[in-house]
Amino acid sequence: MVSRLLNASERRAISGLAGLYASRMLGLFMVLPVLALHGGDLVGATPFLVGVALGIYGLTQAVLQIPFGLLSDRLGRKPVIAAGLLLFFLGSAVAAQADSIVDIIIGRGLQGCGAVAAAIMALLADQTREQVRTAAMATIGLSIGVAFAVAMVLGPLLAAQYGLSGVFWFTAALALVGMLVLWKLVPPAPRRLRHRDVGMDRSQLKGLLGRGDLIRLDISIFALHLLLMMIFVSVPVRLAALGVPAEQHGWVYLGIMGLAFVAMVPLVIIAEKHHRMKSMMVLAVAGLTLSLLGMGLMNTGWWGLAALLMLFFTGFNLLEATLPSMISKLAPAGAKGTAMGVYSTSQFLGAFLGGVLGGALSQQWGQDAVFFGATLVGALWLTVLYGMPTPRHLSSEVVALGERTHDDALETLMERFAEVAGVEDVLVVPEERLAYLKVDRQQLDSEALARVAGAQGR
């Protein structure tokens, strides 16, 4: 039996890359709760340009993340990741020295140019066995969630003490620490391979873009991050207007995030354990939309705003946790990496357009218009989800093929895998010596699968 316990090298790789990914996202997220408050003091600042500054990193990320991932296949993971971290450092330094909103936009755009997410995930796949890769990816996802929560607290504290430039200098320092972690903590990379569970395969794009269920999920992550950027154009200003000192905003966010996390956990359990993904997703979007409508209509005390924000972030956290899981379940065998590439691009485009749209509405009609515009987006999102079929609860399985498996036996091998009870989809990739399966674990005949996997290696 193949061990699913992490070995020492895998533990080093996962801890190092999770810390690297989280520190980079921490630097990007810390600006969200402070730029709307402090950006107004910059030369040439308008609400629209502040919104552009918030979201511009998403545009450069969306454009460059797939090319960076493909480049890492050719040049190596670590050099490409190091180059991305250097761009992130340069963008942070430019923004830290900015005295105009245009300089902030340039700096944030440069930060996004360090689009190394795909390369980091590919390096993680290089460093881990198929049997533990799902757990490794989940660790990365958890680190992003922690980074977001920490950023909501740390950003306002740093800005109150050192100003907006202090936030960006801290971000620059994180990039330098990331380079040190990359070279000292992450083990040397083995021979580079293309991993279809994390990497992009352009030949699969056309087929995936014709899948209505996957497109709905891409629209969902687009809308989710669009709404996130929109509210951060207005929420910090609303908190200040309600008399909450800027230096206290971090503690407000900490309380809200903590309560939202506690409220989200049982909903995730219901979604995963009881196979209620779709109903929990619709519930989360409805909660988001109602909270945004409430923020637009309500101009009373900050306790009311805090309650509405808790409702918003409960839905946000639930969707952040379940949407990638749904992509994994719905993507065809061997196409999860490509599906996640499209999904991530949609996420970054949503962040960019959310900042632009929020800034435009704020400048033209004021802060309340941002919330009403976001409410409309939420309502349209619900219509997109209408009629979405309930996703089947399938899991991904990767089986290593023996070195003696010949090309002329591949078709027979695929048929043998497909005949195993519980196997719903099969893709055999001879150059990778792997078979990618989609399985229903409740129906799966594990012994029959093990016999097929073992027989082909003899």
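If only residues of the stretch 140-175 that are in contact with a Ser or Thr (Cβ under 8 Å, 6 or more places away or on another chain) and open to solvent by 10 Å² or more (accessible area, probe 1.4 Å) are counted, the one that is modelled with the lowest pLDDT is 174. Mind checking whether some residue in the stretch 320-329 is of a type in the set (Lys, Arg) and free of Cβ contacts under 8 Å to residues at least 12 places away in the same chain? No: zero hits. Being modelled with pLDDT under 95, in a helix (DSSP H, G or I), open to solvent by 50 Å² or more (accessible area, probe 1.4 Å) and closer than 16 Å to residue 355 by Cβ: is that true of residue 63 here? Criteria met by residue 63.
Among the numbered conditions (1) surrounded by 14 or more Cβ atoms within 10 Å (Cβ to Cβ); (2) within 22 Å of residue 120 (Cβ to Cβ); (3) out of contact with any Phe, Trp or Tyr (no Cβ under 8 Å at 6 or more places or on another chain), the only one that residue 188 does not meet is (1). Taking the stretch 1-49 as the range and being closer than 27 Å to residue 242 by Cα and open to solvent by less than 10 Å² (accessible area, probe 1.4 Å) as the test, the residues that pass are 28, 30, 31, 32, 33, 34, 35, 39.
Would it be correct to say that residue 235 is part of a helix (DSSP H, G or I) and surrounded by 15 or more Cβ atoms within 10 Å (Cβ to Cβ)?
Working: part of a helix (DSSP H, G or I): yes; surrounded by 15 or more Cβ atoms within 10 Å (Cβ to Cβ): yes.
Yes.
Quick check on the stretch 55-80: of everything there that is of a type in the set (Ser, Thr, Tyr) and touching a Gly at 6+ places or on another chain (Cβ under 7 Å), which residue is nearest to residue 234 (Cα to Cα)? Out of the qualifying residues, it is 57. For a quick check of your reading of the model, give me the residue pairs whose first member lies in the stretch 134-152 and is within 10 Å of residue 257 (Cα to Cα), whose second is open to solvent by 40 Å² or more (accessible area, probe 1.4 Å) and of a type outside the set (A, V, I, L, M), with beta-carbon atoms closer than 8 Å and at least 6 apart or on different chains. Every condition considered, the pairs that remain are 149/261. Here residue 228 meets each of (1) closer than 22 Å to residue 32 by Cβ; (2) aliphatic (A, V, I, L, M); (3) buried (at least 23 other Cβ atoms within 10 Å of the Cβ); (4) in contact with a Leu (Cβ under 7 Å, 6 or more places away or on another chain) with one exception, condition (4). Kindly evaluate residue 293 against the criterion of being open to solvent by 30 Å² or more (accessible area, probe 1.4 Å), touching a helix residue (DSSP H, G or I) at 6+ places or on another chain (Cβ under 9 Å) and over 22 Å from residue 389 (Cα atoms). Yes; evaluated as a whole, the condition is true for this residue.
Does residue 247 satisfy being closer than 29 Å to residue 349 by Cβ, charged (D, E, K, R), out of contact with any Phe, Trp or Tyr (no Cβ under 6 Å at 6 or more places or on another chain) and part of a helix (DSSP H, G or I)?
On the way: closer than 29 Å to residue 349 by Cβ: no; charged (D, E, K, R): yes; out of contact with any Phe, Trp or Tyr (no Cβ under 6 Å at 6 or more places or on another chain): yes; part of a helix (DSSP H, G or I): yes.
Answer is no for this residue.
On the basis of being in contact with a helix residue (DSSP H, G or I) (Cβ under 8 Å, 6 or more places away or on another chain) and assigned to a helix (DSSP H, G or I), does residue 361 make the cut? Yes, satisfied. Here the condition is being within 13 Å of residue 54 (Cα to Cα), in a helix (DSSP H, G or I) and open to solvent by 20 Å² or more (accessible area, probe 1.4 Å); of 73, 103, it holds for 103 alone.
The values are calculated or read from the model by the stated rules, or taken from the named source; none is laboratory data. Since the structure is predicted, the reported quantities are computational estimates derived from the model, not experimental observations. Note that each Cβ is placed from the backbone with ideal geometry, even for glycine, and that neighbours are counted across all protein chains shown. Just so you know, the surface numbers come from the protein's heavy atoms only, side chains and all, with ligands and any DNA or RNA stripped out. Shrake-Rupley method; radii C 1.70, N 1.55, O 1.52, S 1.80 Å.
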